[in-house]
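The structure under discussion is supplied below as structure tokens; questions concerning it will follow.
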Amino acid sequence: MSAGRNNSKVLLTLGLVCLASGVGIYFAFRAPSGSTPPSLSIEPGSEALEASPPISIPGGTYLIGNDTGPRDTRPARRIKLTSFQIDPTEVTNSMFADFIQATGYQTDAERRGYSLCFDKNSRQFTRQNGANWQHPDGPNSSILGKESFPVIHVSWYDANAYAKWAGKSLPTEFQWEAAARGESLRGDFPWAGGSKVESHKHANLWQGDFPLRDQALDSYYGIAPVASFVATEKGIFDLAGNVAEWTSSYYAEDSYDLIGNTDPQGPNHGEMRVTRGGSWLSSDQTGVSEAAVWYRGKLTPETSTNFTGFRCVSNGEQVR
């Protein structure tokens, strides 16, 4: 293959990887007012994985960042965190349906009539009309039989509304990384063995040349039901891959230069929110995997996609 064709392929890949990370996604994600609550496609809680007890993360000193990673992950820092609890799985379709049933809430994607999708056939990112949490691939699709899949097509505002309803909150990116990394000062992923382990045995990721071919060595081409892969030593599932997860933190490239050492929150304003954990689209072919515990994704808070979901944390007893 010629050098020109090789360069074109590299540029295409890097451009799409950047898009998957949320760089430059500034669609007009404005929700019109006056819309009515949606009808549900599934009965809340039907044949779905029930919410499991949260996992306690002890207070203490944790490592964040990576001195050899992208600029926004440097410098690596040691921070002190107060103990907290994190949900062992991402919020599922069934769990989100309970919220909709109880509140009549309508998501941003439902109000505006479209969402961002990576199309597995065209291998492109497209604005899919009619795509929302109930219809993940467009108006003719359904989540029937997918009650235990992570909910997708939820904006940061949607995720935050659910968390408040549940008496919880979205994790700060620092809480998220502490839960994923644990007390280890080494390793790039939330499983033992470091970055040389065969990742498809541990997480739902993209295997092959993105976006041209996914070998699906992990048995999934697209998202997987929560808890399809082995949990961390703490009992937390899917902290790498499957869907990227919203955090409460605003994004800034120089966050780690500015945060304090105790219970940092990050910047108090910004245009984007941090996502963590990568997704089923994450690949390490550029030398950096979005699924690494220290990798910082980012999206505008209005954005909803078919590769982004969330999980919740709490600092005490759950109150709804």
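Readers should treat all values here as calculations from the given coordinates under stated rules, not as data from a laboratory. Just so we're clear, the structure is a prediction, and the values are computed from it rather than from any experiment. So basically every Cβ, Gly included, is an ideal-geometry build from the backbone, and we count neighbours across all protein chains shown.
Please compute the net charge surrounding TYR251, taking Lys and Arg as +1 and Asp and Glu as -1 over other residues with Cβ under 12 Å from its Cβ.
-1
Would you mind calculating the relative contact order of segment 93-161 from Cα pairs under 8 angstrom and at least 6 residues apart, reporting the percent as a whole number?
32
So, one more: Quick one: which of LYS201/LYS234; LYS234/LYS298; LYS80/LYS298 span more than 21 angstrom between C-alpha atoms?
LYS234/LYS298; LYS80/LYS298
So, one more: Using a cut-off of 9 Å between beta-carbons, work out the net charge of the residues near ARG311 (Lys and Arg +1, Asp and Glu -1, ARG311 not included).
The answer is -4.
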